[in-house]
Amino acid sequence: MISNTALFYTCSLVEYIGRKTHNERSLVVQLLGTDLDRIYKFQDVFHCEPIEKVADDFIQRAKIPVGNFDNIGTCKYTIPNYWDIGDVFSRLVEDCFPEMNDIDGIHAVFCSWIAPKIMNYNSDLFYQSREYLAECFKAGEILAA
């Protein structure tokens, strides 16, 4: 069950924008800048509109260019949807940065060593339990199962 809808929506929108613009999610977070806080604070309003429209508005507002990162096109298996990946990242923020403000936690997780590993949809890392992902993050490496 999702306990922090603002965090979940913000992480999912970052994932959606990254897919749409073919950018690594760390770059999306950086380019959104203070708009990340705006998305988080007003997610209940933005959630009333189609995510495609909200993403387009923020892509234009933040001038996010089209990149060449395509983890969807290179995936050989079933691709998780952006809501699923948003959930993975939001849980990681909750589990690893409970004392930190969520926006700083989003930056910390999306710009970390583990983000590209989660976004490798040819692996099964994104399907692992939240506890396992948090322990890997804290250890700074993928732990043996």
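The values are calculated or read from the model by the stated rules, or taken from the named source; none is laboratory data. As the structure is a computational prediction, the values presented were derived from the model and not from experiment. Note that we place each Cβ from the backbone using ideal geometry, even for glycine, and neighbour counts take in every protein chain shown. What goes into the accessible areas is simple: the full protein's heavy atoms, side chains included, and nothing from ligands, DNA or RNA. Shrake-Rupley method; radii C 1.70, N 1.55, O 1.52, S 1.80 Å.
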Is region 113-123 home to any residue that is closer than 19 Å to LYS20 by Cα and among the hydroxyl-bearing types (Ser, Thr, Tyr)?
-> yes
Selected residue [buried (at least 17 other Cβ atoms within 10 Å of the Cβ) and more than 16 Å from ALA134 (Cα to Cα)] from PHE110, PHE8 | PHE8
ASP70: in a helix (DSSP H, G or I) and either open to solvent by 10 Å² or more (accessible area, probe 1.4 Å) or in contact with a strand residue (DSSP E or B) (Cβ under 6 Å, 6 or more places away or on another chain) (or both), yes or no?
-> no
Please work out which one of (1) outside any helix (DSSP H, G or I); (2) farther than 18 Å from TYR40 by Cα is the condition ALA134 fails and give its number.
-> (1)
Residue hits (region 95-112; touching a helix residue (DSSP H, G or I) at 6+ places or on another chain (Cβ under 7 Å) and either assigned to a helix (DSSP H, G or I) or farther than 21 Å from ILE39 by Cβ (or both)) are ASP95, CYS96, ASP102, ILE103, GLY105, ILE106, HIS107, VAL109, PHE110
Where residues in region 73-91 are assigned to a helix (DSSP H, G or I) and of a type in the set (Ser, Thr, Tyr), which of them is most open to solvent (accessible area, probe 1.4 Å)?
-> TYR82
Could you grab me the full set of residues in region 92-107 that are over 14 Å from the mean Cα position of the chain (by Cα) and either within 22 Å of VAL28 (Cβ to Cβ) or crowded, with 16+ Cβ neighbours inside 10 Å (or both)?
-> ASP95, CYS96, PHE97, MET100, ASN101
Residues being basic (Lys, Arg), within 16 Å of GLY105 (Cβ to Cβ) and open to solvent by less than 60 Å² (accessible area, probe 1.4 Å): count how many of those fall in region 11-53.
-> 1
Single unsatisfied condition, VAL66 versus (1) closer than 17 Å to ILE106 by Cα; (2) of a type outside the set (Ser, Thr, Tyr); (3) touching a Ser or Thr at 6+ places or on another chain (Cβ under 6 Å) | (1)
Which of the residues that make up region 113-126 are open to solvent by 50 Å² or more (accessible area, probe 1.4 Å), touching a residue at least 40 places away in the same chain (Cβ under 8 Å) and part of a helix (DSSP H, G or I)?
-> PRO116
